[in-house]
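Visitor: Quick one: the structure is below, questions incoming.
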Amino acid sequence: MTTIHRRVTQVALFSFLCLPCIVIAADKPNIVIILTDDQGYADVSYNPHSPPEVSTPHIDALADSSTICTQGYTSGHVCSPTRAGLMTGRYQQRFGIYTAGEGGSGVPLDEVFLPQRLEPAGYVSGALGKWHLGLTEEYHAMNRGFDEFYGFMGRGAHPYFDHSDMNHPIYRGLTPIKEEGYLTTRITEEAVDFIGRHKDEPFFLYVAYNAVHAPPEAPEEDIKQVTRDETRNTLMAMIKHLDMGVGEIVNSLKKHALFDNTLLIFLTDNGGSGTMHANNAPLRGFKQMDYEGGIHVPFIVSWPAELEGGKKCDVPMWSIDLFATALDAAGLPMPEDKPLDGTSILPAIRGETNKLHNELYWSSAGAKGKWAIRSGDWKLVAEKNRIELFDLQKDLSETTDLAAEHPKIISELTDKYNTWLDEMADPVSNQEKRWNPDAGAPAKKMSKEEKKAAREKRKTKKMTEGN
Ligand SMILES: [Ca+2]
């Protein structure tokens, strides 16, 4: 019996026994989100600004057959806040998450995560890789609606080769395991395995590679002298494995004839990292900034059964929209108990609308005093008492501050931001919501040696903990 004949017979049999089940299984698209970590805007070779050392043939092939969203943003400029917004479909600030430290300690338990909404429609859900939404068991992916988990829970970074620190282990489900192998490769293998095991039911697969976050670690044989910069050479080898992983996930979906009816979204969790020598051309800045280089990311949407490929979509959209988009694709209603701030991006990709949001807001609260708002083509970027204004339509690279010429726009956008921020919760860490120039004691004057020691300490902290 051929596969098709066997399938027809199975469908006939199940239709007779259990009609609603088979209708669900046949109609619901699979949903796959590949979230990479700290990858530069130009560290995908489909970006025309990408430098010659960057080669991502598999990501490029996916981009070619999909829609490239040229105005794709993340709601955080670091890892954990973006993840909190993505998993809830809501401004993460709505429940007090403004920084990596706040998100990394856990998203309040009354928030509802995406797999919890998909489960009633028959979806099985798996999370792979970096969680970074809580360290303790109640915040574990398995307790936030996922049926399967492979990866690490807490901090932003994890070594790529050495998984022996059982204080920060790799988990399978809720169980810490002894693990070996290059983590990027292991995550890919787990993704391929998940797809194979769940090919006959609708699934939601969240593949959160920690690549290419620090530490810079890649298989020795893959590190080539493609630039004069050792860290960047290592980054290129890390990207090679990430790119191969994307290729294997796509191949696995194709092998099981699932690719056409899979909504696959590829994006990065924030802008490329300066520490890792990422390239964000033509955008200004890096991760941890609200300039475009910190929040404007590679963003690809594929769903061949429903969306024509080989296109570009220039409508501003962001990571918070993926929740509503997944529900829309699955034919599910938008929740009323926890209203979403995101909206389905599918109408924009189909060309049915050229606007999804009036404004996009960023805030990392008072301690850092960084915030931004995009409204139409205007973007206001603030840090403490410095406010800059850019016209993104003319100046995507944010080279020319127009604040002095447009005081009225500054005041309108500042008012909008303040109204929005008033609606948001206080930060869970008890820091102030707004920067306060009078807060805290004046910094003690440090000696040269003390300054050097503090710098070293910060550097070590950054490399081991990540954000
Ligand atoms: Ca990140």
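Visitor: Need the failing condition index for residue 427 against (1) under 24 Å from the mean Cα position of the chain (by Cα); (2) assigned by TED's automatic domain parsing to the domain that holds residue 92, just the number.
Guide: Failing condition for residue 427: (2).
Visitor: Can you pull out every residue in region 57-68 that is out of contact with any Pro (no Cβ under 9 Å at 6 or more places or on another chain) and either within 14 Å of the ligand (Cβ to nearest atom) or not in a helix (DSSP H, G or I) (or both)?
Guide: 67
Visitor: Could you grab me the full set of residues in region 101-142 that are in contact with a Gly (Cβ under 6 Å, 6 or more places away or on another chain) and of a type in the set (Ser, Thr, Tyr)?
Guide: 139
Visitor: How do the strands (runs of 3 or more DSSP E) wholly within region 296-366 filter down when requiring 1 or more residues that are hydrophobic (A, V, I, L, M, F, W, C) and either in contact with a Phe, Trp or Tyr (Cβ under 7 Å, 6 or more places away or on another chain) or more than 20 Å from residue 269 (Cα to Cα) (or both): which remain?
Guide: Filter on region 296-366 gives 299-302, 359-363.
Visitor: Something else now. Among the residues of region 252-284, write down those that are under 18 Å from the mean Cα position of the chain (by Cα), within 15 Å of the ligand (Cβ to nearest atom) and over 24 Å from residue 352 (Cβ atoms).
Guide: Once the filter is applied, which keeps residues that are under 18 Å from the mean Cα position of the chain (by Cα), within 15 Å of the ligand (Cβ to nearest atom) and over 24 Å from residue 352 (Cβ atoms), region 252-284 yields 268, 269, 270, 271, 272, 273, 274, 276, 278, 280.
Visitor: Working only within region 285-297, note down all residues that are within 13 Å of the ligand (Cβ to nearest atom) and touching a strand residue (DSSP E or B) at 6+ places or on another chain (Cβ under 7 Å).
Guide: Answer for region 285-297, where residues must be within 13 Å of the ligand (Cβ to nearest atom) and touching a strand residue (DSSP E or B) at 6+ places or on another chain (Cβ under 7 Å): 295, 297.
Visitor: Could you grab me the full set of residues in region 121-149 that are in a helix (DSSP H, G or I), free of Cβ contacts under 8 Å to residues at least 40 places away in the same chain and within 26 Å of residue 28 (Cβ to Cβ)?
Guide: Hits for region 121-149 are 141, 142, 143.
Visitor: Out of (1) in contact with a Pro (Cβ under 6 Å, 6 or more places away or on another chain); (2) crowded, with 24+ Cβ neighbours inside 10 Å, the odd one out for residue 95 is which?
Guide: The failed condition is (2).
Visitor: Listed residues 103, 85, 76; which is within 16 Å of the ligand (Cβ to nearest atom) and not in a helix (DSSP H, G or I)?
Guide: Only one candidate passes the filter, namely 76.
Visitor: May I pose another question? Identify all residues within region 371-385 that are more than 20 Å from the chain's Cα centre (by Cα) and not in a loop (DSSP other than H, G, I, E, B); write none if there are none.
Guide: Across region 371-385, the qualifying residues are 375, 378, 379, 380, 381, 382, 383.
Visitor: Output the qualifying pairs, or none if there are none: Cβ atoms under 8 angstrom, residues six or more apart or on different chains, first residue in region 281-301 and without any contact (Cβ under 8 Å) to a residue 24 or more places away in the chain and assigned by TED's automatic domain parsing to the domain that holds residue 80, second residue within 15 Å of the ligand (Cβ to nearest atom) and hydrophobic (A, V, I, L, M, F, W, C).
Guide: Within 8 Å, the pairs are 286/278.
Visitor: Against the condition without any contact (Cβ under 8 Å) to a residue 12 or more places away in the chain and of a type in the set (Val, Ile, Thr), how does residue 399 come out, does it pass?
Guide: For residue 399, the condition - without any contact (Cβ under 8 Å) to a residue 12 or more places away in the chain and of a type in the set (Val, Ile, Thr) - is not met.
Visitor: All but one of (1) under 23 Å from residue 249 (Cβ atoms); (2) touching a residue at least 60 places away in the same chain (Cβ under 8 Å) hold for residue 105; state the number of the condition that does not hold.
Guide: (1)
The values are calculated or read from the model by the stated rules, or taken from the named source; none is laboratory data. Quantities reported herein were computed from a predicted structural model and do not represent experimental measurements. No Cβ is skipped: glycine too gets one built from the backbone with ideal geometry, and neighbour counts run over all protein chains shown.
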